[in-house]
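Enquirer: Following this message is one structure expressed as structure tokens.
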Amino acid sequence: MLKLIRSVANQLVLCLLLLFVMTAQAQQDIRISVQLDGVPEGQMDALLSGLSIVRQQSSPRLTQRQVEKLDQQALTELSQMLTVFGYYNPMIISDLKKMDAGWQAHYQITLGPQVILKAVNVTLLGEANDDPKFQALLADFPLKKAEALDHQDYEAAKKILTRLAADRGYFDGKMTKNTIEVNTEENTATITLEYNSYQRYRFDDIQFPDTTVSEDVLQRVNPIAFDSPFLVSKIVSLRNNLINSGYFDVATVTPLIEQRHDGKVKLDIALTPVAKHRYTAGLGFGTDSGARGSLGWENRYINKRGHRLSADAKLSQVKNSLAMAYKMPFWSPTISEVGFNTELKQSDTDTSDSQSLALGSYYQSTRWGWKETASLKLLHENFDVSQDDNTSTLLIPSIGWSRTWADNTIYTKQGGRLSLSISAASESLLSDTSFIQAVLRGKYIQSLSENSRVITRAALGATEVTDFNQLPSSLRFFAGGDTSIRGFDFEELGPKGSDGSVEGGRYLAVGSVEYEQMFWGNWGGAVFTDFGNAMNSWRDPIEYSVGFGVRWRSPIGLIRVDIAQGISEPDKPIGFHIVIGPDL
């Protein structure tokens, strides 16, 4: 009996092994490769992914009959899918072959003529019919007569219409008609869209939560007026203004659309204040300044009006400063900030020594997209430059405009910075000399490829002064150094006094052209030429230098190491320069 059981068991195992081999072979035989010919490359993936024969090509349970059924089904599926792209009369020939390794399904497609839009009729009902943005959309609607029909474009056009309605407060709007009538004999189609927007909702009264600053301060950054038409862009502006105010770490602004009533929509605003005190510290190095460091402190909201108090210390081997400022942000709708400041400076360069104290006030505003800063400063400066060893007191009103635009201010591929400042003083107004000075500075960066860019910069300055000897060294022009003319030492270029030392000039004209190429990851190199000078006459000679450098895009910013030679001087001086920091 035992032998009989063993015999039956052995036979059963053999049968199972045989069945496994046959099943594996069958699975191998029914594997299906699918090929489409005659369709544009951009439509190939969409068509293949929509075929049942493709989705089941590796199924272990397929039989020959099922494969043949899937092949015939593919003809219907292809015909249906091609209508999405506007092909309503395609010719499809199937060629299904049994191969050693499985099946090969080949479909030769002749697309035929594409259906052309005979008419596109878009009708607006409700208040949107008088909305300029909707009228502009209708004037340049994505679907146009005489273009090929594409159902994907049709769906996208409907989404553009409904998205615009949602962005502009037509929350009750709905598509009341959307049809495509296709004449397969003529290969033409007529699209009809009808959208009823009903009413446009408006903003309800804005209610801010109780926070570290007063309601009045928050309203000053609020671009949304009560009962004004709903706009998503206004909500985005409000959120950005709250974050950029410097008072909040997190600001969320949520329209309560589901709770709308009486034609109004409320906003739910949540604010998380920043820490009251902010501390900053920094370290750096430049061949002009040597090692440098900075410390800063700011009280970000002294009172409910949002006033701020800050103190900053900057130390280096060449220049040191200590500054304090009392700031009153959001002074008025046109003036963003008013403040009072004081600064103590000490400078010791190869060209000049100076100590100065400045007291003043300022305001900041935005005009025509430019940052405008105007100030009134009382400057008292002791300076020793060339043969001039003087003390000057000047009451200096000044105004300046600046603008920076960039895709990335740390490592810029396209962008720039432009600034103009004008300052003056008069002997009749608490000043030891009269002068007027204008300085124009600019920098422009343009990428030539993914890893190369051209960097240009220039500076022009002019001063008219009654007594140049009384003009402090901080207001005179010098050239040479890391950000001026490389190859020359810091501020070593300019007119010389009777003792042969550089005394600074009335005018400034410097420029630079640089080509940079990144060769390996964040490492690259640059070649450049710098030119210009500080001078007392526009006819004074110009200095030139050429050089090359290494670039490293480090985690803390671009590190520039340059070697330059002053080719305009007989002794051809060579300068070594290191600069760490952002481009703009």
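Enquirer: Given the conditions (1) within 30 Å of Leu429 (Cα to Cα); (2) touching a residue at least 60 places away in the same chain (Cβ under 8 Å); (3) not polar (S, T, N, Q), and given that Glu372 satisfies all but one, which numbered condition is not satisfied?
Expert: Tallying (1) within 30 Å of Leu429 (Cα to Cα); (2) touching a residue at least 60 places away in the same chain (Cβ under 8 Å); (3) not polar (S, T, N, Q), Glu372 fails exactly one: (2).
Enquirer: Determine if the stretch 227-237 includes at least one residue that is assigned to a strand (DSSP E or B) and either among the polar types (S, T, N, Q) or farther than 30 Å from His151 by Cβ (or both).
Expert: yes
Enquirer: Another one. Determine, yes or no, whether Gln64 is more than 30 Å from Glu194 (Cα to Cα), surrounded by 18 or more Cβ atoms within 10 Å (Cβ to Cβ) and at pLDDT below 90.
Expert: no
Enquirer: Under 6 Å between Cβ atoms, at least 6 apart or on separate chains: pull out the pairs that start in the stretch 387-398 with a residue that is in the same structural domain as Ser426 (by TED's automatic domain parsing) and closer than 23 Å to Thr373 by Cβ and end on any residue that is hydroxyl-bearing (Ser, Thr, Tyr) and surrounded by 15 or more Cβ atoms within 10 Å (Cβ to Cβ).
Expert: What qualifies is Leu394/Ser431; Leu395/Ser431; Ile396/Ser423; Ser398/Ser375; Ser398/Ser423.
Enquirer: If the requirement is being surrounded by 15 or more Cβ atoms within 10 Å (Cβ to Cβ), within 31 Å of the chain's Cα centre (by Cα) and under 30 Å from Ile580 (Cβ atoms), which of these qualifies: Leu448, Leu440?
Expert: Only one candidate passes the filter, namely Leu440.
Enquirer: Please enumerate the residues belonging to the stretch 171-212 that are more than 22 Å from Phe141 (Cα to Cα) and part of a strand (DSSP E or B).
Expert: Asn183, Arg202, Phe203
Enquirer: Looking at the stretch 44-53, is at least one residue under 41 Å from the mean Cα position of the chain (by Cα), more than 30 Å from Arg163 (Cβ to Cβ) and part of a helix (DSSP H, G or I)?
Expert: Yes, the stretch 44-53 contains at least one residue that is under 41 Å from the mean Cα position of the chain (by Cα), more than 30 Å from Arg163 (Cβ to Cβ) and part of a helix (DSSP H, G or I).
Enquirer: Restricting the first residue to the stretch 436-457 and requiring it to be without any contact (Cβ under 8 Å) to a residue 40 or more places away in the chain, which pairs with a second residue that is among the small types (Gly, Ala, Ser) meet a Cβ separation below 6 Å and a spacing of at least six or different chains?
Expert: Listed by first residue and then by second, the contacts come to Ile436/Ala424; Gln437/Ser423; Ala438/Ala462; Arg441/Ser419; Arg441/Ala459; Gly442/Ala458; Tyr444/Gly416.
Enquirer: Considering (1) of a type in the set (A, V, I, L, M); (2) in contact (Cβ under 8 Å) with a residue 60 or more places away in the chain; (3) surrounded by fewer than 14 Cβ atoms within 10 Å (Cβ to Cβ), say which one Ala564 fails and leave the rest.
Expert: (3)
Enquirer: Further question: In the stretch 54-88, how many are polar (S, T, N, Q) and either outside any loop (DSSP other than H, G, I, E, B) or touching a Gly at 6+ places or on another chain (Cβ under 7 Å) (or both)?
Expert: Here the count works out to 8.
Enquirer: For the stretch 472-506, enumerate the residues that are more than 17 Å from Thr529 (Cα to Cα) and touching a Phe, Trp or Tyr at 6+ places or on another chain (Cβ under 6 Å).
Expert: Pro472, Ser473, Glu491, Gly494, Gly504, Gly505
Enquirer: Let me ask something else about it. Residues of the stretch 500-517 being crowded, with 18+ Cβ neighbours inside 10 Å and either closer than 26 Å to Thr463 by Cα or modelled with pLDDT under 95 (or both), which ones?
Expert: Within the stretch 500-517, Val502, Glu503, Gly504, Gly505, Arg506, Tyr507, Leu508, Ala509, Val510, Ser512 qualify.
Enquirer: Cβ-Cβ under 6 Å, sequence separation 6+ or interchain: first residue in the stretch 80-91 and under 14 Å from Gln43 (Cα atoms), partner among the acidic types (Asp, Glu). Which pairs?
Expert: Going by the 6 Å Cβ cut-off, the qualifying pairs are Phe85/Asp150; Gly86/Asp150.
Listed here are the residues, each with its yes/no results for (1) part of a helix (DSSP H, G or I); (2) in the same structural domain as Gln66 (by TED's automatic domain parsing); (3) among the hydrophobic types (A, V, I, L, M, F, W, C).
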position: Ala105; (1), (2), (3): no, yes, yes
position: Thr123; (1), (2), (3): no, no, no
position: Ala128; (1), (2), (3): yes, no, yes
position: Phe134; (1), (2), (3): yes, no, yes
position: Pro142; (1), (2), (3): no, no, no
position: Ala146; (1), (2), (3): no, no, yes
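Enquirer: Let me ask something additional. Among residues belonging to the stretch 283-326 that are charged (D, E, K, R) and in contact with a strand residue (DSSP E or B) (Cβ under 6 Å, 6 or more places away or on another chain), point out the one that is farthest from Gly360 (Cα to Cα).
Expert: Result: Arg292.
Enquirer: Hey, could you check the stretch 362-391 for residues that are among the small types (Gly, Ala, Ser), surrounded by 15 or more Cβ atoms within 10 Å (Cβ to Cβ) and closer than 28 Å to Ser336 by Cα and say which is modelled with the lowest pLDDT?
Expert: Looking at residues that are among the small types (Gly, Ala, Ser), surrounded by 15 or more Cβ atoms within 10 Å (Cβ to Cβ) and closer than 28 Å to Ser336 by Cα, I get Ser365.
The values are calculated or read from the model by the stated rules, or taken from the named source; none is laboratory data. All figures in this text were calculated on a predicted structure; none of them were measured in a lab. For neighbour counting, all protein chains shown are included, and Cβ atoms are generated from backbone atoms with ideal geometry for every residue, glycine included.
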